[in-house]
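The values are calculated or read from the model by the stated rules, or taken from the named source; none is laboratory data. Bear in mind the structure is a predicted one, so any value in this text is a computation, not a measurement. So basically every Cβ, Gly included, is an ideal-geometry build from the backbone, and we count neighbours across all protein chains shown.
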Amino acid sequence: MVDVESMRGSNNRLERSGPKPAAQPGRSPQRRRDSALVLCQRPPQVSTKDAHAVRWSLKTGGGELLLRALALTLALTLALVAAPLAADAQRPKMLHVGYAGAQPISSPVFVAFVKRMAELGYEQGQNFALEFVQVRNAAGFQDAYRELAARKVDIFVAPRNELALKAALAVAGPRPIVMIAVDFDPLARGYVPSLARPAGNVTGLAFQQIELTMKRVQLMKEGFPEMKAATVFWDRLSADQWQATQAAAATLGLRVLGVEFSASPYDYERAFAEVAPAFRDGLLVLASPIFALPKRERLPDFALRQRMPSMFAVLEYGAAGGLISYGPSFPDLFRRAAEYVDRIARGTKPADLPIERPTRFELVINLKTAKALGVTIPPSLLLRADRVFE
């Protein structure tokens, strides 16, 4: 509201417009004076038509309403301008995010994360710095997150596996952690008391890798009903998936033999040479960022050379020549993780951000590989495919 009295004596003047109105019953002189006050810098030149309009407005008490309307408009305008400024004020001038992973910065998930951050207003080198440490094996996460902590990052990102989250928790203190739990269940392992109310400083995304692993075994058996036994590639990070694979296979009458990879370089041919011929009907590759992802085309090529139908947990294997893949879109998960980082940077506490589970999973089939192997994919499976490479 404009303080009329405070304007007296300044360059602004209080003017009466039109002839002095006659006294009316029931209205005090002070009320009449207040309703006729108009605030202006200097008396403007008005036309006869405008003068009549002003006099009519004042006679009906419109002067007071006009002042109130102007004040309300000014308040709303200031609120609209202040809202984005307040949001930007909450965001740090330079946001440092720490990220440790096995895949290089050129990987699709990393690119998706950075791109989404840019869409949210974070430009690297201007108001955003992504501190990245690449790990070479499962044991490298502890050193990687110690280094990130020494760089004094504001928010940690713990991608994919439990070792990354453990390492981040060991050094983060009260600093927030955004996880992308792929190879473990954070609720079952006790990292959060609830998905809806995670409490503490950990939030992010988690999906049902164990359930998905069992689904992949079912899809493989559905696609190849005559399959009696198969080989499973796994490592320390996918141990839970290996256990789920054994349980699911037993219910389907499928025998499985596990080949564990523990040290790089990973020699698939040498490891497979020790597999008995009875277990070479098919190959199931479990989700792991260590032995499976760095050179994605190697495993589909290996399976093709061994003349084995293959099943993968990462959709991108389909484009690389893998026969069947089933799972979520990992780039989409990392884009969503960037949105968690943004909300935390703007002041939301991790404990107030529920942990999300993806709800969309895709089935990818490569018919070119099927033709090369001389196998036929059942129509029932093809009809359910989200993407088919021919």
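Check S380 against each of (1) surrounded by 15 or more Cβ atoms within 10 Å (Cβ to Cβ); (2) in contact with a helix residue (DSSP H, G or I) (Cβ under 8 Å, 6 or more places away or on another chain); (3) in a helix (DSSP H, G or I) and name the one condition it does not meet.
For S380, the failing item is (1).
Could you list, ordered by first residue, the pairs with Cβ atoms under 6 Å in which the first is in segment 111-122 and farther than 13 Å from Y340 by Cβ and at pLDDT below 95 and the second is outside any helix (DSSP H, G or I) and not hydroxyl-bearing (S, T, Y), at least 6 apart or interchain?
none
Each row is one residue, and each column tells you yes or no for (1) modelled with pLDDT of 95 or more; (2) β-branched (V, I, T).
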site: Q208; (1), (2): no, no
site: T213; (1), (2): no, yes
site: R216; (1), (2): yes, no
site: L219; (1), (2): yes, no
site: A230; (1), (2): yes, no
site: L237; (1), (2): no, no
site: A250; (1), (2): yes, no
site: Y266; (1), (2): no, no
site: A271; (1), (2): no, no
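Can you confirm whether segment 265-278 contains a residue that is outside any loop (DSSP other than H, G, I, E, B), out of contact with any Ser or Thr (no Cβ under 6 Å at 6 or more places or on another chain) and basic (K, R)?
First pass over segment 265-278, keeping only residues outside any loop (DSSP other than H, G, I, E, B): 268-272, 277-278.
From the residues that got through so far, the ones that are out of contact with any Ser or Thr (no Cβ under 6 Å at 6 or more places or on another chain) too are 268-272, 277-278.
Keeping just the survivors that are basic (K, R) gives 270.
So far as segment 265-278 goes, yes, one or more of its residues are outside any loop (DSSP other than H, G, I, E, B), out of contact with any Ser or Thr (no Cβ under 6 Å at 6 or more places or on another chain) and basic (K, R).
Scan segment 219-235 and report the pairs whose first residue is within 14 Å of T251 (Cα to Cα) and whose second residue is polar (S, T, N, Q) and surrounded by fewer than 17 Cβ atoms within 10 Å (Cβ to Cβ), with Cβ atoms within less than 8 Å and a gap of 6+ or a chain change.
Pairs that qualify, where the first residue is within 14 Å of T251 (Cα to Cα) and the partner is polar (S, T, N, Q) and surrounded by fewer than 17 Cβ atoms within 10 Å (Cβ to Cβ), are E222/S380.
Could you go through segment 172-182 and let me know if any residue there is within 27 Å of H96 (Cα to Cα), outside any helix (DSSP H, G or I) and modelled with pLDDT under 95.
Step one: of segment 172-182, the residues within 27 Å of H96 (Cα to Cα) are 172-182.
Next, from what is left, pick out any that are outside any helix (DSSP H, G or I): 173-182.
Next, only the ones that are modelled with pLDDT under 95 stay: 181-182.
Yes, that holds for at least one residue.
In the set R160, R136, which member is modelled with pLDDT under 95, under 24 Å from Y317 (Cβ atoms) and out of contact with any Leu (no Cβ under 9 Å at 6 or more places or on another chain)? Break it down stepwise before answering.
Details: R160 fails: out of contact with any Leu (no Cβ under 9 Å at 6 or more places or on another chain).
Matching residue, one of R160, R136: R136.
Condition check ((1) surrounded by fewer than 22 Cβ atoms within 10 Å (Cβ to Cβ); (2) touching a Leu at 6+ places or on another chain (Cβ under 6 Å); (3) farther than 18 Å from F312 by Cα; (4) of a type in the set (S, T, N, Q)) across all residues:
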| site | (1), (2), (3), (4) |
| --- | --- |
| G173 | yes, no, yes, no |
| I177 | no, no, yes, no |
| R189 | yes, no, yes, no |
| S194 | yes, no, yes, yes |
| R197 | yes, no, yes, no |
| A206 | no, no, yes, no |
| D240 | yes, no, no, no |
| A249 | yes, no, no, no |
| S262 | yes, no, yes, yes |
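Assuming T251 fulfils every condition listed in (1) touching a residue at least 24 places away in the same chain (Cβ under 8 Å); (2) in the same structural domain as N366 (by TED's automatic domain parsing) apart from one, which condition is it?
With (1) touching a residue at least 24 places away in the same chain (Cβ under 8 Å); (2) in the same structural domain as N366 (by TED's automatic domain parsing) applied to T251, the lone miss is (1).
Of the residues Q218, Q243, only one is closer than 29 Å to A139 by Cβ and not in a loop (DSSP other than H, G, I, E, B); which? Write out each step before concluding.
Values: Q218 fails: closer than 29 Å to A139 by Cβ.
Result: Q243 is the single residue among Q218, Q243 that is closer than 29 Å to A139 by Cβ and not in a loop (DSSP other than H, G, I, E, B).
Can you name the condition, by its number, that E390 falls short on among (1) among the acidic types (D, E); (2) closer than 28 Å to V114 by Cα; (3) more than 27 Å from the chain's Cα centre (by Cα)?
(2)
Being touching a residue at least 60 places away in the same chain (Cβ under 8 Å) and out of contact with any helix residue (DSSP H, G or I) (no Cβ under 8 Å at 6 or more places or on another chain) is the filter; apply it to segment 276-307 and report the residue that is surrounded by the fewest Cβ atoms within 10 Å (Cβ to Cβ). If you could, list the steps in order and put the result at the bottom.
Taking segment 276-307 as the starting set, the residues that turn out to be touching a residue at least 60 places away in the same chain (Cβ under 8 Å) are 282, 284, 286-290, 293-294, 299-300, 304, 307.
If we keep only those that are out of contact with any helix residue (DSSP H, G or I) (no Cβ under 8 Å at 6 or more places or on another chain) as well, we get 293-294.
On the way: L293: 20, P294: 16.
Per the stated criteria, the residue is P294.
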